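Accompanying notes for the structure given below.
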Amino acid sequence: MIVYYSKEGIGDVLMIYLKEGESETFERKGDVARIFDKKSGEAIGFNFFHASEDLPSLNTGEVRQDEELIRTLNHKLARSGFSDRLTVDRTPSIVTAYVEKCEKHPDSDHMHVCLVDVGDRELQIVCGAPNIKQGQKVVVARPGALMPGGLIIRPTVLRGVASDGMICSARELALPHAPQKRGILVLDDAAAVGEDFLAGVHK
């Protein structure tokens, strides 16, 4: 789950992204809009309008989830007449990972198909970086991750091969003094697989 707020960019609206939908529509009640999949009816997101009235200390960017935030949002959902309830999602979305396999893409002369261990599962990711190799510790944005530049990582297919995530460069992670040339960020061998990478950066 992604929680995002930007008063200057989109107004006083707190946005919740839960998952990708095949065909989206929405229903608004009061200060809450429920975005859902037309076919399944399953909620895929919410917009909370006039968010700062209940959450005056919101900062621009991705909002840290905690029990108080979720309690406030669930109260707004109930007050607006929606039966959905949110829970704190503590799964890190941008994590340290290990490249278990790295093979040439069958239909590209520069991309590779990688099998990457992100701690609780293995993901297949297509990577076009020139310095990607088997055996590296890297940083992976899992599906659903919100990148510092505002991009949401979604499952995709690159030249016929499924790719579930992105192996990141320092520039894509908006790290200070990141090199501007192409290439993924390679971590020290001691990096722990599955750890929240950005939490470690911002300590």
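Numerical summary
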item	result
Residues that are modelled with pLDDT under 95 and either among the small types (Gly, Ala, Ser) or assigned to a strand (DSSP E or B) (or both), drawn from region 33-42	Asp37, Ser40, Gly41
Failed item, numbered, when Asp12 is tested on (1) more than 16 Å from Asn74 (Cα to Cα); (2) modelled with pLDDT under 95; (3) not hydroxyl-bearing (Ser, Thr, Tyr)	(2)
Matching entry among Leu73, Leu77, Leu55, Leu69 (being aliphatic (A, V, I, L, M) and either open to solvent by 30 Å² or more (accessible area, probe 1.4 Å) or assigned to a loop (DSSP other than H, G, I, E, B) (or both))	Leu55
Filter result (modelled with pLDDT of 95 or more and in contact with a Cys (Cβ under 9 Å, 6 or more places away or on another chain)) within region 171-198	Ile184, Leu185
Inter-residue pairs, beta-carbon under 8 Å, first in contact (Cβ under 8 Å) with a residue 24 or more places away in the chain and closer than 10 Å to Val13 by Cβ and in region 30-55, second among the aromatic types (Phe, Trp, Tyr) and open to solvent by less than 50 Å² (accessible area, probe 1.4 Å), 6+ apart	Asp31/Phe48; Asp31/Phe49; Ala51/Tyr5
Residues being part of a loop (DSSP other than H, G, I, E, B), in contact with a strand residue (DSSP E or B) (Cβ under 7 Å, 6 or more places away or on another chain) and either surrounded by fewer than 17 Cβ atoms within 10 Å (Cβ to Cβ) or free of Cβ contacts under 8 Å to residues at least 60 places away in the same chain (or both) - total across region 164-174	2
Matching entry among Lys137, Lys133 (being open to solvent by 90 Å² or more (accessible area, probe 1.4 Å), over 19 Å from Leu14 (Cα atoms) and out of contact with any Pro (no Cβ under 9 Å at 6 or more places or on another chain))	Lys133
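Results for (1) more than 15 Å from the chain's Cα centre (by Cα); (2) within 25 Å of Ile2 (Cα to Cα); (3) part of a strand (DSSP E or B), shown as yes or no for each residue.
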| site | (1), (2), (3) |
| --- | --- |
| Tyr98 | yes, yes, yes |
| Ser108 | yes, no, no |
| Val126 | yes, yes, yes |
| Gln134 | yes, no, no |
| Gly144 | no, yes, no |
| Gly150 | no, yes, no |
| Ala162 | yes, yes, yes |
| Pro176 | yes, yes, no |
| Asp189 | yes, no, no |
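The values are calculated or read from the model by the stated rules, or taken from the named source; none is laboratory data. Quick caveat, the model's predicted, so the values are computed rather than measured. Every residue, glycine among them, receives a Cβ derived from its backbone with ideal geometry; neighbour counts consider all protein chains shown. Areas reflect the complete protein model, heavy atoms only, side chains present, ligands, DNA and RNA absent. Shrake-Rupley method; radii C 1.70, N 1.55, O 1.52, S 1.80 Å.
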